[in-house]
Amino acid sequence: MQAANKREASNIKNAEQFVNDTASPAGDRKQLEDWLPGAKVRLESAQVQEQELQARVIEAEELQRVEQAKLDGLQGQLDRLDKELEKLPQPRDSGPH
């Protein structure tokens with residue numbers, strides 16, 4: 001998405017330069033003048049969406065780190081309990097009664 005936004009920004013810049021160049025054909029300038037406002041709005045919208053997505057990714061990564069820390073803590077507790085169980089004497093099987 002970021003690359004597409006950069007390409008669109010470059011296209012807009014080139015179009016603005018073309019429009020401002022008095023040597024450019026009037027018909028072509030008019031066509032780009034009509035295209036530019038919509039292109040700028042679409043680019044701005046895409047940039048806002050990209051920022052929102054980046055914020056969501058950061059939030060998800062932080063949540064993943066928190067949940068991984070919880071999981072690590074639970075795994076540690078389980079390992080300690082397993083070791084404690086290993087220390088307990090094993091019941092003898094006295095066979096059928």
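Using a Cα distance threshold of under 27 Å, what count of lysine pairs results for segment 2-87 when pairs must be 8 or more residues apart or interchain?
Working: 6/30; 6/40; 13/30; 13/40; 30/40; 70/83; 70/87.
Value for segment 2-87: 7.
Just grab the label-to-label distance for residue 1 and residue 88, each label 7 Å out from Cα along the Cβ direction, in nm (one decimal).
Placing both labels 7 Å along Cα→Cβ, they lie 5.2 nm apart.
Output the peptides 64-73, 80-89, 45-54 sorted from most to least packed, where packing is the average of other Cβ atoms within 10 Å over each peptide's residues. Mind showing how you got there, number by number?
On the way: 64-73: 10.0, 80-89: 8.2, 45-54: 12.0.
So the peptides 64-73, 80-89, 45-54, ranked by packing, come out 45-54, 64-73, 80-89.
Just to verify a number: FRET efficiency for residue 44 and residue 14, C-beta to C-beta distance, R0 = 25 Å, to 0.05? Can you show the working numbers first?
Numbers: r = 18 Å, r/R0 = 0.71.
Between residue 44 and residue 14 the formula returns 0.90.
What is the sum of charges, Lys and Arg at +1 and Asp and Glu at -1, for the other residues whose Cβ falls under 14 Å from the Cβ of residue 73? Show your work: numbers first, answer last.
Working: positive: 65, 70, 80; negative: 67, 72, 79.
Around residue 73, the surrounding residues sum to 0.
Over all directions, the average projected area of the alpha-carbon convex hull for segment 2-87 comes to how many nm²? Mind showing how you got there, number by number?
On the way: hull surface 28.7 nm².
Computing the convex hull of the Cα atoms and averaging its projections yields 7.2 nm².
Using Cα pairs under 8 angstrom and six or more residues apart, how large is the relative contact order of the chain, in percent?
Details: 21 pairs, mean separation 25.5, N = 97.
Value for the chain: 26 percent.
I want to check the label-to-label distance for residue 70 and residue 23. Put each point 7 Å from Cα in the C-beta direction and report it in nm to one decimal.
Each label point lies 7 Å from its Cα, and together they span 6.6 nm.
Since every read-out is calculated from the coordinates, none of them should be taken as a lab result. Values in this document were obtained by computation on a predicted structure and should not be read as measured data. No Cβ is skipped: glycine too gets one built from the backbone with ideal geometry, and neighbour counts run over all protein chains shown.
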